[in-house]
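Some notes on the structure that comes next.
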Amino acid sequence: MEHIQKKAAEIASFFLNSLSRFDKVYIVSHKDTDGITACALLYLTLTRFKKVETKIIPQIYLKTLDELKKEIGDNLVVFSDLGSSFCREISEKFRYYIILDHHPVKNCKENVLNPHLFGYNGAYDLSGAGAAYFFCKNLYPGIKKYSYLAIVGAIGDKQNDPFQNLNLEIIKEGKGIFERYGKNIFIENVEDDLRDGEYFSSLVNACGTLNKADLGLQVCIQNKEAIKEAKKIFEQYDEELNTALKHFLGNKDKIIEENKERSVYFIVSDMKRSLTGPLSTLLIKVFNDKPVIVISKRNNLKISARGTKKLVSQGLHLGEALKTAVSRKGEGGGHDIASGAVYNGKIEEFMEKVDFEIKKQFKKRFLIEGEIIINYEDEETAASTAEAVNVDNEKTLKATLIESYNNKNEFITLIKSENIGTFKNVIDDMLVCIKSSEIMKE
Ligand code: C5P
Ligand code: C5P
Ligand code: ZN
């Protein structure tokens, strides 16, 4: 805890110390709820020092940085809710920059505030808005009454199941601002319609998705007219999303059948590109035994991938999988549990590559594999031994996969383990089990 807050203070000092060297501050932020709330926090804070310009974008691509550089020149640029996968490029291109983010980090050195650098996981422990909030607190104490924006950002990124670590710290600090009812949170010091944190987050998200990020920013700062308009937009968006959702739920059996050999549910259509993210978030709740990857094939492929905590604990990292799978034919990345990409190639080729990467991830957990094979005189004994030793999933050690079955008169146990110690113990246990099952049979 202490460490990331200290870093936030250091970056705030950098900001104050370099203030005289530029005329303007540019905020470049992500277009979803988290990015827009982060941007609002920064806007409220930084306008107290300098002229501020905001840019809400769907994603950073290499060419985005060149375009930004042309406009920003030697002014300060603050990236929020994005930037971490381009640390090196950003540090090479921009004279003055700050990155406040929670996506996995690569080659990051100075002026980067990111929970991954302090032993936290940015997919669950802190949002981009949370990182922005930690920074802003050092420059403008009054921002504390807007701490709800950090939490609405976290809700937008699905970090409320449950709130934990740094997010929880923000909630605890905000005495009198938050009231909790289970997963959701109610906010005390906002317009009535926005008190429900989930609804607040959905309104802002709809603005971002429908390219009305400025409206979303106004909603964040409680502009009544903006809230009214955002509600209309939200209704329209919600209807569109529900129609698409119903379509895929109606095809559930077909989707399951089509993907039965794969490590992933691929759900493909020529839907609007902006719908892949929200749809994948909804569909993973239904198709939750494998990751879900929603693909829009309008123009090139636009891809959104979602997993579950359970799948992540089994080795899944969707950000890595998509990054590797698209390699030179696109750009992709993101969290372990949620990631995205664009791809300029054939859809079959993409699906095959992702399937391979994800199969590898699930397998990589198990470094040691072994089989115990016993030939009995008859099939019945082989079958009854398999039944007797079949360790159910609950009893299975987290680090070990055990499968016992029989093939005619052959009894087979497959054991996969992460380390030699558990592997040895499991084999010992299995042999004892087999022996006692044989004695029982006699
Ligand atoms: O790029 P970004 O961090 O904004 O991606 C957020 C997306 O990832 C959200 O749409 C959310 O659905 C998903 N997510 C998730 N579970 C998490 C974190 C993010 O489903 N723990
Ligand atoms: O677009 P979507 O909501 O599916 O994105 C999910 C996650 O994947 C976000 O964290 C986003 O920043 C990340 N992403 C990425 N590179 C891309 C597309 C998405 O890192 N090209
Ligand atoms: Zn985010």
- Note on the structure: For the range 40-116, the dipole about the Cα centre with charges only on Cβ (Lys and Arg +1, Asp and Glu -1), to the nearest 20 debye, works out at 140
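If you take every DSSP beta bridge whose two residues both sit in the chain, what share of them, in percent to the nearest 5, is antiparallel? Walk me through the intermediate numbers first.
Working: 37 of 61 bridges.
Of all bridge pairs located within the chain, approximately 60 percent are antiparallel.
Specify whether the C-alpha gyration tensor of the range 1-80 places it in the rounded, prolate or oblate class, a ≥ b ≥ c being the square roots of the eigenvalues: rounded for a/c under 1.5, otherwise prolate if a/b is larger than b/c and oblate if not.
Working: a/c = 1.62, a/b = 1.19, b/c = 1.36.
Oblate shape, in that a/c is at least 1.5 and b/c is the bigger or equal ratio.
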- For the chain, any Cys whose C-beta has no other cysteine C-beta under 4.7 angstrom counts as unpaired, and these are 39, 136, 207, 220, 433
- Query: Going 7 Å from the Cα of residue 93 toward and past its Cβ, which residues in the range 320-338 have a backbone nitrogen under 20 Å from where you end up?
  - Reply: 323, 327-334
- Modelled FRET efficiency - R0 56 Å, residue 164 with residue 74, Cβ distances, 0.05 increments: 0.90
- Query: What is the extension gain from residue 228 to residue 181, computed as 0.36 nm multiplied by their sequence separation minus the C-alpha to C-alpha distance, in nm to one decimal?
  - Reply: 14.4 nm
- Item | Anisotropy class of the range 1-150 from Cα gyration tensor, a/c 1.5 cut | rounded
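Whats the longest run of the chain with zero chymotrypsin sites (Phe, Trp or Tyr not before Pro) that are DSSP loop and have at most 14 other Cβ atoms within 10 Å?
62-442
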- Note on the structure: Per the charge dipole of the chain (beta-carbon charges, Lys/Arg positive, Asp/Glu negative, Cα centre), the residue among 127, 5, 342 reaching farthest to the positive end is 5
- Message: If you filter the range 33-120 for GluC sites (Glu not before Pro), then keep DSSP loop positions with at most 13 other Cβ within 10 Å, what is left?
- Response: 110
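Note down, for the chain, the three equivalent ellipsoid semi-axes (square root of 5 times each alpha carbon gyration tensor eigenvalue), biggest first, whole angstrom.
With the √(5λ) rule applied to the chain, the semi-axes are 46, 24, 22 Å.
Can you give me the % of accessible surface on the range 138-266 that is carbon or sulfur? Probe 1.4 Å, all protein chains present, nothing else counted. Before the final figure, lay out the partial values.
Numbers: 2980 of 6480 Å².
Carbon-and-sulfur percentage of accessible area, whole number: 46.
For the chain, what relative contact order do you get, as a whole percent, if you take Cα pairs closer than 8 Å and at least 6 residues apart?
Details: 823 pairs, mean separation 39.7, N = 442.
Reported relative contact order: 9 percent.
Can you tell me which of 167-177, 289-299 comes out highest on packing, and rank the rest after it, using the mean Cβ neighbours within 10 Å?
Working: 167-177: 16.5, 289-299: 20.6.
Top to bottom by mean Cβ count within 10 Å: 289-299, 167-177.
Could you tell me the relative contact order of the range 120-162? Use alpha-carbon pairs under 8 Å, at least six residues apart, and round to a whole percent. Don't skip to the end; give the middle numbers.
On the way: 32 pairs, mean separation 22.8, N = 43.
It rounds to 53 percent for the range 120-162.
When a/c reaches 1.5 or more, the comparison of a/b and b/c decides; with that in mind, is the range 163-257 rounded, prolate or oblate per its Cα gyration tensor?
Cα axes put the range 163-257 in the oblate bin.
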- Message: Lysine pairs in the range 1-116 with Cα distance under 13 Å, only those 8 or more apart or on different chains: how many are there?
- Response: 8
- Message: Among 237, 265, 288, which residue has its Cα furthest toward the positive end of the charge dipole of the chain, with +1 on Lys/Arg Cβ and -1 on Asp/Glu Cβ?
- Response: 237
- Message: Taking the Cα centroid of the range 351-391 and of the range 247-282, what is the distance between the two, rounded to the nearest whole Å?
- Response: 29
- From a point 7 Å beyond the Cα of residue 374 in the direction of its Cβ, which residues of the range 418-438 have a backbone N at a distance under 14 Å? 427-438
- Simple Cβ-charge dipole of the range 148-272, Lys/Arg +1 and Asp/Glu -1, about Cα centre, in debye nearest 20: 160
- Task: At 0.36 nm per residue, minus the direct Cα-Cα distance, what do residue 17 and residue 362 gain on full extension? Give it in nm, one decimal, please.
- Result: 119.4 nm
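Could you give the DSSP H helices of the chain that reach 30 angstrom or more along their long axis (alpha carbon positions) and whose average Kyte-Doolittle hydropathy is no lower than -1.0?
Details: long enough: 224-250 (39 Å, -0.80); 420-441 (31 Å, 0.50).
Answer set is 224-250, 420-441.
Can you give the convex hull volume per residue for the Cα atoms of the range 238-393, as a whole number of Å³?
On the way: hull volume 22.6 nm³, N = 156.
Hull volume normalised by residue count: 145 Å³.
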- Item | Taking the range 49-142 and dividing mean pair separation by its residue count, relative contact order in percent (alpha carbons under 8 Å, at least six apart) | 22
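The values are calculated or read from the model by the stated rules, or taken from the named source; none is laboratory data. This structure is a prediction, so every number in the text was calculated from the model and none was measured. Reconstructed Cβ throughout: ideal geometry from the backbone, glycine too, with neighbour counts over all protein chains shown. Calculation scope for accessible area: heavy atoms of the full protein, side chains included, ligands and nucleic acids excluded. Shrake-Rupley method; radii C 1.70, N 1.55, O 1.52, S 1.80 Å.
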